[in-house]
Amino acid sequence: ENVDPQKTAFLLRKAWTLYSVTPLYRFHRARLRDYARLLSAFIAAEKQKGLAVEVGVELDIKVAVSSLADLRGSEQDQAAVLVQLSLRSQASSRNSEDKLVWSGWFCSVYGDDLSENVPEDFTCLPLFLTHGAESYTSMVGSWFQKTFDCCFRRLAISPLNLSWMVAMWAGCQLDGAASAVELVFSVPRLSQPLDISYAIHPEDAKALWDTVQKTPGEITQEEVNVFMDCLYAHFHRHFKIHLSAAKLVKVSTAVASAHCDGIVKILHSQYLPGVLMLLTELAISQIQ
Amino acid sequence: MDETVAEYIRRTVLKIPRDEIKTMLQKWGFLSEAQLQTLNFRQIKDNISQEVVQLCEENSADIKQAAVLDIIYNHIYHNKRMWSVYQMKKSGEELEYFDITDFKKKFKGRLRSALKNVTITFKEYEDNAIWIRVAWGTPYKKPNQYKPSYVVYHSQTPYVFISSSVLKSNLPLLCQALIVASNYHDIREMELRSHSLNSLKDIVFKRYSQNFQTYSPKPLQGGNSEPESADIRIVQENRSEKERIHRLNEEVFGGGPQPKLEFAQYKLETMFKSDPKMGVLDKKEPFRCLVKFSSPHLLESLKSLAPAGMADAPLSPLLTCIPHKARNYFKIREKKGLFPESFVSP
């Protein structure tokens, strides 16, 4: 639970694309270096087949696979696994650094619902987050699918879940200046599409949530509904528009932001476990 | 020819879509028809622009002519820039005869007295629009031709449309020069911004169709109504409600096309009010919000909200007032006293 902020700094302030992953069959943590080698060979082969189209230079990809011991919720969770793809530097000197071009990591934060019900040979890491070009994601995903007989699916986030997130995160106590609590709606089926951005001062949003939430540490669907209804009512009072009928596509707070296409950005290490726990839950419900 | 001028002309031509280059060069009129005939417009733009530069070299083009070409480009592609609207005020109401030569002289004079290094170019268009391009320098540096300001002034009106360069510090000087040259005594920025210069003009010159208070006794047939239901047994499906919405929309927005705006922004500083039964927030301070509406054609999309069932009809005056108040930036505060439900925007 005490995640070293240094080790997790790389997670923050990046837009991660989310996937759910079914349990990995016969994944052995001792063999991470082998996996890196095999994945590297796979990628090289894919490039030679011309399946990954990269404009320009002949690219030499270096693969690193590592275990992040601290990135988990409970002892039942598997530690996170990080895969990094770097461009091997052209210069031969030892000082020149390789350029990181793609990262992806598997994790489980309080994913007991899944791991409890799964046979021994399986490793549960239901949440997969990627950052980098889609072509690399697809190669890495294909290799894992082939090797561990698992299945990846993009994790979309429904308006219902987005409203949970914004209510939860709006209530978070943060030191220092916080950014606005923003909800972005889209109204697509009009003659001309309309986007509505509704940004609330973080202090005022938190004040509203604090009066709605009855039990600290616990959030109910009822409370989230009341919070959202308040925001919708305030909006309707001014503009006569039924925001509840529009599609909530993105929410953004000082803690994190999330987009309905399954893209999140985590901004504060303090709330990292909480955000990951919520996302793990979403991933698990998509798998089951 | 100065190589900075050559480079500037080359880059300006490169911006133009290939099929438009010939027409634009003809409008420019700096190259003769004979010279234009020698150009091969079927090659890649890089080569076309090089050839144009060579011809300009033959004619010894200087920055003044290059600036005119830039105005022509921006006049046609004005939608690529963001325009703000300014309104000038006269002290008296004397109808003075507008003398374009006098205007230009005073404008240049005012700018040059403050700033030596500045390129000023004028071009007049048929609709009484005077386009002014100003490239700004410093006492020690020549003007930056790549970040000019553009001003569009309709001499018969108190309105000026400005697409400012990034160098905002020059804006006050620009405004001063405008009022001096046009014999006004003050200028203020309106809360109205858009990429569509023509729509801004439509709004301030009131050229869009406004709500006419005509009463139509018969229910409206056809027009904007939804296609008839497939099931012939459904005849009256919300028809009266649909017609009511349609009528209210027409009253508020008018029947014709709306001016094209891309966004409207509202800074809300009103109180949060709720049903006391809900037991939620009851602060004495405002609930601070910033709401932004965006659309390729904002007013048309707002107009379609009520028919789509997304909004009540009539739509809120905060939205419908945009064209006739000529603004798309608002600050809304609670109106104290008699009418707690209504809003005031300064």
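Taking the longest Cα principal axis of chain A as reference, the axis of helix A:159-170 is set at about 80 degrees. Panel values: the range A:159-260, Kirkwood radius from alpha carbon pairs, Stokes-Einstein at 20 °C and 1.002 mPa s, translational diffusion coefficient 154 µm²/s.
The share of accessible area on the protein assembly as shown that comes from carbon and sulfur is 51 percent, using a 1.4 angstrom probe.
Net charge in the neighbourhood of B:SER294 (other residues with Cβ under 10 Å of its Cβ; Lys, Arg +1, Asp, Glu -1) is -1.
What you get for the range A:159-260, charging only the Cβ of Lys and Arg (+1) and of Asp and Glu (-1), is a dipole of about 460 debye around the Cα centre. Is there a quick way to get the dipole size of the protein assembly as shown? I mean about its Cα centre, with the Cβ of Lys and Arg at +1 and of Asp and Glu at -1; what is the value in debye to the nearest 20? Dipole magnitude for the protein assembly as shown comes out near 1920 debye.
Positive-end ranking of A:ALA199, A:TYR25, B:SER149 along the dipole of the protein assembly as shown, with charges on Cβ about the Cα centre, is headed by B:SER149.
Each stretch of four or more DSSP H residues adds -39500 (n - 2.57); spread over every residue of chain A, this sum gives -10500 deg cm²/dmol at 222 nm. Placing +1 on the Cβ of each Lys and Arg and -1 on the Cβ of each Asp and Glu in chain A, which of A:ALA170, A:LEU231, A:SER158 has its Cα farthest towards the positive end of the resulting dipole? Result: A:SER158. Contact residues in the range A:232-256 (at least 20 Å² less accessible area with all protein chains than alone, 1.4 Å probe): A:HIS234, A:ARG237, A:HIS238, A:PHE239, A:LYS240, A:ILE241, A:HIS242, A:ALA245. Shielding by partners for peptide A:183-194, expressed as the average number of C-beta atoms from other protein chains within 10 Å of each residue's C-beta, is 5. Put a plus charge on the Cβ of each Lys and Arg, a minus charge on the Cβ of each Asp and Glu, and nothing anywhere else: the dipole of the range B:244-333 about its Cα centre is then about 320 debye. Other residues with beta-carbon under 11 Å from the beta-carbon of A:LEU38 carry, at +1 per Lys or Arg and -1 per Asp or Glu, a net charge of +3.
Any idea of the total accessible area buried by the A-B contact, 1.4 Å probe, rounded to 100 Å²? It comes to approximately 3200 Å² buried between A and B.
For the range A:192-288, the solvent-accessible area works out to 38 Å² per residue, with a probe of 1.4 Å and every protein chain left in place. Each other residue within a Cβ distance under 12 Å of B:LYS106 adds +1 if Lys or Arg and -1 if Asp or Glu, for a net charge of +3.
The values are calculated or read from the model by the stated rules, or taken from the named source; none is laboratory data. All values reported here derive from a predicted model rather than from experimental measurement. Glycine also receives a Cβ, built like all others from the backbone with ideal geometry; neighbour counts cover every protein chain displayed. Surface accessibility is based on the protein's heavy atoms, side chains included, excluding ligands, DNA and RNA. Shrake-Rupley method; radii C 1.70, N 1.55, O 1.52, S 1.80 Å.
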